[in-house]
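Inspection log for the structure reproduced underneath, given as structure tokens.
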Amino acid sequence: MVEPHPRGVLFVCLGNICRSPTVEAVARAEFARAGLDVPVASCGTGDWHVGQGADARAVHAARFAGYDLSPHRARQLEAEDFSRYRMVLGMDGSNMADLRRACPEALHSRLGLFLDMTGAAPPSDLPDPYNGTDEDFEHVVVLARRGVRGLIRMLQNGTKAEP
Ligand code: 4NP
């Protein structure tokens, strides 16, 4: 059973083996560094990889940047996640469409697009690297750090960061 996390942030992608686990690991490390006591977690809208570790290419790119994805195990989004977490952030527009369909109307204010937290001009999708190159996985880490910086600023003072 997943405990409720009233202050927590849930990151959501499609498979929960590339993008959202990377963002989760970056957020956990950077929140701790910033002294921010906010629980983080991740999941996928799809069920293909449930129980598996993160993609080896994501593990490698994260490790190179100083983040550890090895404890990760993929899980699928559950209906209860929308009431468990204060924020549920999708990685791209397709994730957002899935989240809006699954989320009760009354909780839609908890949904957001992760890179929107940077205050960057749209499009602010975090691109899916699954069928891409090692460079695409490295780019995910770069964007994850940028988004997490914006999220920290938003959580600390309620404003979006400059791009
Ligand atoms: P993620 O990447 O959503 O960033 O974890 C993907 C992982 C697996 C698949 C698609 C995207 N897949 O089709 O299995």
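The values are calculated or read from the model by the stated rules, or taken from the named source; none is laboratory data. This is a predicted model, so every value here is computed, not measured. A quick note on method: Cβ atoms are made from the backbone with ideal geometry, for glycine too, and the neighbour counts reach across all protein chains shown. For the accessible areas, the whole protein counts, side chains as well, though only heavy atoms, and no ligand, DNA or RNA atoms are used. Shrake-Rupley method; radii C 1.70, N 1.55, O 1.52, S 1.80 Å.
Points to keep in mind about this one:
- Candidates Val38, Val12, Val50, Val23 - the one that is in a strand (DSSP E or B) and in contact (Cβ under 8 Å) with a residue 24 or more places away in the chain: Val12
- Pick from the range 1-35, criterion among the β-branched types (Val, Ile, Thr) and away from the ligand (no atom under 13 Å from the Cβ), ranking: modelled with the lowest pLDDT: Val2
- Helices (runs of 4 or more DSSP H) wholly inside the range 73-163 that include at least 3 residues being small (Gly, Ala, Ser): 93-102, 134-157
- Residue in the range 142-152 that is more than 19 Å from Tyr67 (Cβ to Cβ), away from the ligand (no atom under 16 Å from the Cβ) and of a type in the set (A, V, I, L, M, F, W, C) present: no
- So Arg57, is it at pLDDT 95 or above and closer than 25 Å to Gly93 by Cβ: yes
- Condition met for Arg75 (closer than 23 Å to Ala34 by Cβ and not hydrophobic (A, V, I, L, M, F, W, C)): no
- First in the range 120-145 and within 14 Å of Ser94 (Cβ to Cβ) and at pLDDT below 95, second anywhere and open to solvent by less than 70 Å² (accessible area, probe 1.4 Å) and more than 11 Å from the ligand (Cβ to nearest atom), Cβ under 6 Å, 6 or more apart: Ser124/Leu113; Ser124/Leu115; Ser124/Asp116
- Any hit, the range 36-57, residues being within 11 Å of the ligand (Cβ to nearest atom), within 22 Å of Met117 (Cα to Cα), of a type in the set (A, V, I, L, M) and touching a helix residue (DSSP H, G or I) at 6+ places or on another chain (Cβ under 8 Å): no
- Apart from one condition, Glu135 fits all of (1) away from the ligand (no atom under 12 Å from the Cβ); (2) farther than 24 Å from Pro6 by Cα; (3) under 14 Å from the mean Cα position of the chain (by Cα); the exception is (3).
- The set of residues in the range 63-94 that are of a type in the set (Ser, Thr, Tyr) and open to solvent by less than 40 Å² (accessible area, probe 1.4 Å) comprises Tyr67, Tyr85.
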